[in-house]
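Inspection log for the structure reproduced underneath, given as C-alpha cells.
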Amino acid sequence: MDSKSTHTVSTAESGNGSRVSPVATTAKPAGLLATGIVGLDDILGGGLARNHLYLIEGDPGTGKTTIAMQFLMEGAARGQKALYVTLSESKTELLEIAEAHGWMIDGIEIFELGPDERHLKPEAQYTVFNPAEIELADTTNAMLSEVERIQPERIIIDSLSELRLLARDSLRYRRQILGLKQYFSGRNCTVLLLDDRTAERHDLQLQSIAHGVIMMESVEREYGIKRRRLEVKKLRGSRFREGFHDYCIRRGGVEVYPRLVASEHLLALEPTKLKSGIAALDTLLGGGIDSGTSTLLLGPAGCGKSTIAALYAVSEVERGGSAALFAFDESLATLLIRGKGLGLDIKKHVDSGKFSLRQVDAAELSPGQFIHEVRQLVEKNDLKLLIIDSLNGFLNAMPDEKFLAMQLHELLAYLSQKGVATLMTVAQHGFVGANIDTPVDVSYLADTVLLFRYFEVAGEVRQALSVIKKRSGEHERTIRELVMKNGAIGVGNILTEFEGVLTGAPTYRGGTDNLRLTRLHENPGATT
C-alpha cells in the first residue's frame, strides 16, 4: 500500500519543541515513518517517529501480525531493511498469511526463534538449572545476533508473551524489555513489539516503557461479524487522534477508518438550491432543498419517501452533479424497477458513474466503515447529494452502538461543511389516523422535515405532503397532494378546501379541490 500519493495529516513543531494541531499535507513529515496503512497514519499524525520502541497490544485474531507485516512491507518498498522476529508463529505460517493477502514479502527477513524439536527429547531436558534461565538468555542472544547481522531499520518482535513466560517474574521481564529498549535506542532502528495480552493481569508497566502504545480489540455482537476497533493509548511528543477508530481485516491488509471530526473540515461554501424537477414540490420547499442541509422524509411505509429521494438524486445527476444512495431496507433491484415505472431511469445514471448505489448488509457494517465510505464519495467523487434509506435500517443495523446518534450528528455536520445535501427517510409505525408513531426521535438532527401522510377522499386512499420545518429559509406551510401513477410523479395544488388531511380523515369544505384532485390522478405529470 503506497502512502506517498495519499492525503495524510501531519504534525508541525512549534519553536519550543511542542506539537501543534494536525494540518493537512501531501508530504510525509520529516522524522516520521509511514506505517503502510493510510488511516493509521492519519490517526498518528503522519506516522511513527523514527528510532523508538512501540507496543501493539490486542487479543488473538485482532490483526496485530497483519499490521506488523504491512509496516515492514512499507519499509521494504522505501528501500529500508526489515526484520520479523517470530517467537510464536513459524516462518511457514507467516508466509501463508502473506500469500492469503496476495503479498510479495521478498524484501523482509523472517527470523524464526521457536523451540527446537530436539528439546522435546527426554535427554535434552535440564535437570540442574531452571530451563527458563538458559532459554531466555539463548533467545535474546540469538535475536540480537540476527539484528547485528542484518542491521534493520524496521523490526517486529512477535510476541512478548513468549519472553514473559521465559522471564517467569515481572521484575526480570521488565528488565529484559528495558534492556532491549536501550539496545535499540542507538541503532537507528524502529521497533514494534506485539503482545497478545495472554498474561493473567494487564501489564501497565510495559506501556510505561514504550514510546507509543496502540490497543486493538474486537467487540462481540449478538448477530453478524465482530466490530474491530483500535485506540492509540499514548504517543510521546506527538499529537494524535484520540478515541476509538473502527478497522477491518480484508484481503490486502488492515483498513483503518479514523474517527470523523467535523471541525477539522471547515469550508466556506455559497449555498445552492437542489431542484426536484417538479415545480409544485420545489415551491413547497421554498425553491428547493438547500445544499449543505439535512432533510428528513418522514411518513408511513409506502407513502413515497424513497421515490421522492430518488427523484432528487436523478434531478441532481441530470444537472451535472453526483449522488449516492445507501439502501438499508429495500433491495436495489426493487428500487430500479419502481423508479423506471415512474419515469426515473436510475440505471442509466448508475452506469454513468454519477449515481452510486450501495446495498448495505446490516450484519457486516460498522459505523466507522460507513462514514469512511461516505467520506470517500465526498472527497473523490465530489458528492452533492447523499441519501440514507432508511434511518430505521441504519439504526437497526447497529443496535449495540450506544453513540450512533452522536456519530450521525458528526457526519451530518461534516457533510454540511462540504456543501452536501443529505436526505434521510424514516418509516413511521401505522398508516392513518392517530395511531402513527415515530420509532426514532432524530428530527432534531434534520434542518428540514418533509412530512408524508395518507388520507381518505370519497372512499379512496391518497397521499399528501407538507413541510413542517426548514431552518435554512422560508417554506410553504401548506399541504399538497402527491400522486405516483401512470408512469409519472405529480404534486398538486394546495388543498385549501380540506381540513384534517394530516389526521387521515379530512373534512371537505366545498370548492374546486375535488375537481383538482380528480385531474391530478388522471394525469400527474401535467402538474410538474
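The values are calculated or read from the model by the stated rules, or taken from the named source; none is laboratory data. All values derive from a computational prediction rather than experimental measurement. Cβ placement follows ideal geometry from the backbone for every residue including glycine, while neighbour counts extend to all protein chains displayed.
Taken over region 90-111, the residue count meeting the criterion of being touching a helix residue (DSSP H, G or I) at 6+ places or on another chain (Cβ under 6 Å) and either part of a helix (DSSP H, G or I) or of a type in the set (A, V, I, L, M, F, W, C) (or both) is 4. Count of region 324-344 residues, restricted to those that are free of Cβ contacts under 8 Å to residues at least 24 places away in the same chain and of a type outside the set (Gly, Ala, Ser), is 4.
Among the residues of region 358-383, those that are over 22 Å from Ile346 (Cα atoms) and either hydrophobic (A, V, I, L, M, F, W, C) or exposed (fewer than 14 other Cβ atoms within 10 Å of the Cβ) (or both) comprise Ala362, Ala363, Glu364, Leu365, Phe370, Ile371, Glu379. Considering every residue within region 59-73, establish whether at least one is crowded, with 16+ Cβ neighbours inside 10 Å, farther than 30 Å from Gly179 by Cα and modelled with pLDDT under 95. Within region 59-73, not a single residue is crowded, with 16+ Cβ neighbours inside 10 Å, farther than 30 Å from Gly179 by Cα and modelled with pLDDT under 95. The set of residues in region 237-269 that are assigned to a loop (DSSP other than H, G, I, E, B) and free of Cβ contacts under 8 Å to residues at least 60 places away in the same chain comprises Glu242, Gly243, Ala268.
From the list Leu269, Leu285, the lone residue that is surrounded by 20 or more Cβ atoms within 10 Å (Cβ to Cβ) and either over 25 Å from the mean Cα position of the chain (by Cα) or not assigned by TED's automatic domain parsing to the domain that holds Lys226 (or both) is Leu285. Inside region 199-222, residues that are touching a residue at least 60 places away in the same chain (Cβ under 8 Å) and in a loop (DSSP other than H, G, I, E, B) make up a count of 4. Val256 falls short of the stated requirement of being in contact with a helix residue (DSSP H, G or I) (Cβ under 9 Å, 6 or more places away or on another chain), closer than 15 Å to Arg375 by Cβ and surrounded by fewer than 20 Cβ atoms within 10 Å (Cβ to Cβ). Answer with yes or no whether Asp382 is at pLDDT 90 or above and acidic (Asp, Glu). It is true that Asp382 is at pLDDT 90 or above and acidic (Asp, Glu). Annotation for region 234-250: at least one member residue is basic (Lys, Arg) and in contact with a His (Cβ under 7 Å, 6 or more places away or on another chain).
The C-beta contact set for region 155-175 (first residue of a type in the set (Gly, Ala, Ser), second residue buried (at least 21 other Cβ atoms within 10 Å of the Cβ) and assigned to a helix (DSSP H, G or I), distance under 6 angstrom, 6+ apart or interchain) comprises Ala167/Tyr173.
Every residue, every condition in (1) of a type outside the set (Val, Ile, Thr); (2) part of a strand (DSSP E or B); (3) over 26 Å from Gln407 (Cα atoms), yes or no:
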residue	(1), (2), (3)
Ala310	yes, no, no
Ile337	no, no, yes
Lys340	yes, no, yes
Gly343	yes, no, yes
Lys347	yes, no, yes
Glu373	yes, no, no
Val378	no, no, no
Ile387	no, yes, no
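Screening the candidates Val461, Val432 for the property of being modelled with pLDDT of 75 or more and either buried (at least 21 other Cβ atoms within 10 Å of the Cβ) or farther than 25 Å from Asp290 by Cα (or both) yields one hit, Val461. Scanning region 74-89 for residues that are surrounded by fewer than 21 Cβ atoms within 10 Å (Cβ to Cβ), out of contact with any strand residue (DSSP E or B) (no Cβ under 7 Å at 6 or more places or on another chain) and not in a loop (DSSP other than H, G, I, E, B) yields one hit, Ala77.
The residues of region 355-381 that are of a type outside the set (A, V, I, L, M) and closer than 19 Å to Phe244 by Cα, listed by number, are Glu364, Ser366, Pro367, Gly368, Gln369, Phe370, His372, Glu373, Arg375. Looking only at residues in region 36-68 that are small (Gly, Ala, Ser) and not in a loop (DSSP other than H, G, I, E, B), the one that is nearest to Leu260 (Cα to Cα) is Gly39. Take Ala505 and decide whether it is loosely packed, with under 15 Cβ neighbours inside 10 Å, assigned by TED's automatic domain parsing to the domain that holds Gly288 and at pLDDT 60 or above. Here the answer is yes, as Ala505 does meet what is asked.
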